[in-house]
Amino acid sequence: MTSPDAPTPATPRVGIVMGSDSDWPVMRAAAEALEEFGVAHEADVVSAHRMPQEMIDYGREAAGRGLSVIIAGAGGAAHLPGMLAAVTPLPVIGVPVPLKYLDGMDSLLSIVQMPAGVPVATVAVGGARNAGLLAVRVLAATDPALQERMSAFQETLREAAHAKGEVVRR
Ligand code: RP5
């Protein structure tokens, strides 16, 4: 039973979905990036091939439930990001999940080659962390506090790159 003093969980702003629980070891990096920035999110398995009706329902209801961005990861014949983009007006970020064969090229090409009119912002094969960071940037466009946190994060990248240069010059 939930304690009456327990804080109400924040409404998720980002939905992370994947075709299978086997995608989670890759996709969790998106959740971790969102957690670093304090962005409320949810994570679900919504397979385009095995549960098409649930996938369509998820996409159709996402905006109405308060989501602003969907991150969708899948491997192989990876239709999930494109199909979601077809049924939601929200921005969809696709993560090609590498499987045992083809080094994720199959996933990448399935996700990136969308026909004009139905965009999916595709990150690198296995690039779930960048998907999370891109979702933060999308939200930050209308959230000045989040934008400040993103700028501070970028500063840490700059400093780390300088530190590496110092090691090389030594
Ligand atoms: C895809 O099939 C999923 O996104 C996953 O990457 C792949 C394999 O799924 P499992 O057989 O591991 O459930 O639809």
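The values are calculated or read from the model by the stated rules, or taken from the named source; none is laboratory data. Note that the coordinates shown come from a computational prediction; the quantities given were computed from them, not determined experimentally. No Cβ is skipped: glycine too gets one built from the backbone with ideal geometry, and neighbour counts run over all protein chains shown.
Odds and ends about this structure:
- On inspection, ALA135 fails the criterion of being of a type in the set (Gly, Ala, Ser), farther than 30 Å from ALA48 by Cα and part of a helix (DSSP H, G or I).
Let's see how each residue does on (1) within 18 Å of GLY126 (Cβ to Cβ); (2) touching a strand residue (DSSP E or B) at 6+ places or on another chain (Cβ under 7 Å); (3) charged (D, E, K, R):
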site	(1), (2), (3)
ASP44	no, yes, yes
MET55	no, no, no
ILE71	yes, yes, no
ALA74	yes, yes, no
GLY82	no, no, no
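- Near pairs, Cβ below 8 angstrom, 6+ apart or cross-chain, from region 1-24 (closer than 18 Å to LEU139 by Cβ and surrounded by 11 or more Cβ atoms within 10 Å (Cβ to Cβ)) to any residue that is polar (S, T, N, Q) and at pLDDT 95 or above: ARG13/SER68; VAL14/SER68
- Criterion applied to GLN147, GLN113 was being surrounded by 10 or more Cβ atoms within 10 Å (Cβ to Cβ), more than 16 Å from the ligand (Cβ to nearest atom) and over 25 Å from PRO12 (Cα atoms), and the one residue passing it is GLN113.
Residue-wise test of (1) under 17 Å from the mean Cα position of the chain (by Cα); (2) not small (Gly, Ala, Ser).
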position: ALA6; (1), (2): no, no
position: ALA10; (1), (2): no, no
position: ILE16; (1), (2): yes, yes
position: ALA33; (1), (2): yes, no
position: ASP44; (1), (2): yes, yes
position: GLY66; (1), (2): yes, no
position: LEU102; (1), (2): no, yes
position: ILE111; (1), (2): yes, yes
position: ALA116; (1), (2): no, no
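- For region 78-96, a residue qualifies if it is within 12 Å of the chain's Cα centre (by Cα) and either assigned to a strand (DSSP E or B) or closer than 16 Å to MET27 by Cβ (or both), and the qualifying residues are PRO81, VAL92, ILE93, GLY94, VAL95, PRO96.
- Condition check for GLY76: surrounded by fewer than 18 Cβ atoms within 10 Å (Cβ to Cβ) and small (Gly, Ala, Ser): no
- Per-region count, region 83-109, residues modelled with pLDDT of 95 or more and either more than 13 Å from the ligand (Cβ to nearest atom) or under 16 Å from MET51 (Cβ atoms) (or both): 13
- VAL168 being farther than 26 Å from ALA40 by Cβ and either in contact with a Pro (Cβ under 7 Å, 6 or more places away or on another chain) or modelled with pLDDT under 95 (or both): yes
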